[in-house]
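*Asks:* This is the structure I want to talk about, given as structure tokens.
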Amino acid sequence: MNWYDKAIVYQIYPKSFQDTNDDGIGDLKGVISRLDYVKEMGFNTIWLNPIFVSPQVDNGYDVSNYFAIDPILGDMDDFTEMVQKAHHLGLHIILDLPINHTSDQHPWFKDAISNPNSIFKDYYIWHQAKNGDVPNNWGSFFGGSVWEKNPNNPDEYYFHLFDKKMPDLNWQNPEVQKSIADIAKFWISKGADGFRLDAFIHIAKANLDQNSLISGEKYPQDDTFYAKLPKVKDYLANFVKEIKDYKPETFLFGEASSANALNAAEYTRQNEYGCDVVVNSGNYGEVYDDSNPDIPGFFQDRKLSLDYLKKTYVTWESVLAGVSLPTLTWGNHDISRVLDRLNLPVENADVAKLLAMLMFLQRGMPVVYYGEEIGMHGLKYSKVADFTDQRAVDLIKNLREKSFDDETILELLNNQDEMTARGPMQWNNSAYHGFSKAKPWNWGQTQSVDVDSELKNQDSVATFYKNLLCLKKHDCFTNGDYQLLITDRDIYAYLRQGQESEGLVVTNFSSESKKFTLPAGKWRRALANQATRVSNGVITLNPWGCCALELKK
């Protein structure tokens, strides 16, 4: 068994975690100062969003120097200190590694556009203009075309799946593959324990002369041409083999936003040099209100469908059994916080505890977004102009053209936009929550919850998380098989069958009390979010109640 088979991952967005020099931006020294907290809460692995030198067009995912720490976050001495202290505490450090693209300020790209004979020209994807226009009609994830003119050659375009300042790398070029592997090896030599491979499912592209047949948009987003293509597995295998040969215990955590369970199995087959695990963006059990087609899908109101969630996880657990672990998560930096997103009665702290128990005691690797463990909500901005991320800018422009008023647009953005989830970590009840003495780089209205208050309260969300993550480490909840149970539609219940013990989780997603008949045996209550009653083998859960039980073999 590898160390990461028991990983409990805590995702830290460094710019928003802890500021130590009072410039309003979090830094690595801030991470260092909070490592004891991470350990105390029960996490053993930290995933850091990108910390490399970047113009910050996309909050660090546009890298201009992979071999140095961005000065706004610190320097290499800070990184070394962070790794050393983390390792001393028994924590592992995972770095977010963008491998699909670079910044247009990266030396490779700057040389490629300034020098016609540059050896780095083939590091990127180019195509000649077609009839004086872009080579095809493919749409960028950030809006508009995937093509942008070479500023020094108007008849030539470069490919960018994301922002135009983030040109895609050409993974057909063996030198690109070697360069990315060399970057990973450099950080392994500095003490990194693994990498989140950002957007790896996009590193292969289809024939660039083809056009999408999706109608209704000038530049449709059609991942038929740039997601999960067969060559991805070949490129991934070459990279993984080189890294595992260099240091076998390196953890490779693939980000596959649109992957289904079958894709995940294909990308994690160890005998084929796949990732160790993959995470996707569709396992939240959400259903969308599509009654107004003028509102793009991402910004439509959502609610939790327990039926959909059950079908999702029974599929993932079944397909990945014997292959790899599912990742268990309610969100990340690319989506609004779960307590704001799913239209649940979030004023009830039992709901945050319920969500945690349901998700993280399943078979798989918990990945918890910073602040989630204290029941943090997203920021609420006061006006639409406060939203400057590209997805929000596009929505504002689009809906204003369709005569939506700003009040309606603001509500959509505050409920769904990713920037609301990137607010400062709330450590105490001071003006800026102990994150900084200066106004944070990302700021809006916040709700009154903080680490200090939570940890003093034995009935708090944070205390529940500590107990839950301790329970997760028990044999049945780490290693046990998974069986979803047939239940009332408002109950989500499953068995975990380990060698030493069995675990049972029962959750009630309704505003009414529910009864559930326990399997035979002397079940012991291990953790619950409220008082529960067991009589004659039947457990009664109050509204929004949850309970985990254990049975020793």
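The values are calculated or read from the model by the stated rules, or taken from the named source; none is laboratory data. All of these numbers come straight from a predicted model, not from anything done at the bench. Quick reminder, even Gly has a Cβ in these numbers, built from the backbone with ideal geometry, and neighbours come from all protein chains shown. Protein only, heavy atoms only, side chains kept; ligands, DNA and RNA dropped before computing areas. Shrake-Rupley method; radii C 1.70, N 1.55, O 1.52, S 1.80 Å.
*Asks:* What distance in nm separates the simple spin-label points at Ser403 and Asn428, each placed 7 Å from Cα in the Cβ direction?
*Replies:* If labels sit at Ser403 and Asn428, their model points lie 5.3 nm apart.
*Asks:* Turning to a different aspect of this structure: Cα axis of helix 76-88 to longest principal axis of the chain: angle in degrees, 0 to 90, nearest 10?
*Replies:* 30 degrees
*Asks:* Now a separate question. In terms of Cα to Cα distance under 21 Å, which lysines are near enough to Lys353, apart from those fewer than 8 places away along the same chain?
*Replies:* The reachable lysines, counting only those whose Cα sits under 21 Å from Lys353, are Lys39, Lys303, Lys310, Lys456, Lys466, Lys472, Lys473, Lys514, Lys515.
*Asks:* Here is a further query. Take peptides 58-64, 483-489 and line them up by average Cβ neighbours within 10 Å, highest first, as a rough protection proxy.
*Replies:* Most protected by this proxy first, the peptides run 58-64, 483-489.
*Asks:* Still on this structure, please answer the following. Pull up the cross-link candidates among the aspartates and glutamates for Lys6, meaning alpha carbon to alpha carbon under 16 Å and not fewer than 8 places away within one chain.
*Replies:* Correct list for Lys6: Asp193, Glu249, Asp276, Asp475, Asp481.
*Asks:* What do you get for trypsin sites (Lys or Arg not before Pro) in the range 517-549 restricted to DSSP loop and a cutoff of at most 10 other Cβ within 10 Å of the site's Cβ?
*Replies:* Sites meeting the loop and neighbour criteria: Lys522.
*Asks:* Which FRET efficiency value, to the nearest 0.05, is calculated for Glu156 and Lys244 with the Förster distance at 56 angstrom and r the Cβ-Cβ distance? Could you put the intermediate results ahead of the total?
*Replies:* Details: r = 38 Å, r/R0 = 0.68.
Calculated value: 0.90.
*Asks:* Continuing with this model, one more query. Summarise the accessible area of the range 147-251 (1.4 Å probe, protein heavy atoms) by the percent that is carbon and sulfur.
*Replies:* Numbers: 2100 of 4510 Å².
The computed percentage sits at 46.
*Asks:* May I pose another question? At R0 = 35 Å, how high is the FRET efficiency between Asp394 and Lys185 if r is their beta carbon distance? Nearest 0.05 is fine.
*Replies:* Once rounded, the FRET efficiency stands at 0.40.
*Asks:* Next question. Which distance in Å, rounded to a whole number, links the C-alpha centroids of the range 488-553 and the range 302-366?
*Replies:* So the separation of the two Cα centres works out to 18 Å.
*Asks:* Let me ask something else. What pairs in Lys190/Lys241; Lys178/Lys241; Lys205/Lys233; Lys380/Lys402 have C-alpha atoms more than 18 Å from each other?
*Replies:* Lys190/Lys241; Lys380/Lys402
*Asks:* Here is a follow-up. Where does the chain land at 222 nm, in deg cm²/dmol rounded to the nearest 500, when only DSSP H runs of n ≥ 4 count, each adding -39500 (n - 2.57), divided by all residues?
*Replies:* -8000 deg cm²/dmol, from helical runs alone.
*Asks:* If you count only protein heavy atoms with a 1.4 Å probe, what accessible area per residue comes out for the range 340-492, rounded to a whole Å²?
*Replies:* 41 Å²
*Asks:* Here is a further query. Out of all DSSP beta bridges in the chain, what portion is antiparallel? Express it as a percent rounded to 5.
*Replies:* 65 percent
*Asks:* Expected output is a single nm value to one decimal: the length gained when fully extending between Asp22 and Lys383, i.e. 0.36 nm times separation in residues minus the C-alpha distance. What is it?
*Replies:* Result for the pair: 127.4 nm of gain on full extension.
*Asks:* Also: Enumerate the amide H contacts of Gln530 below 5 Å, restricted to partners 5 or more residues apart or on another chain; note that Pro and chain-start residues carry no placed amide H.
*Replies:* Amide H neighbours of Gln530: Cys546.
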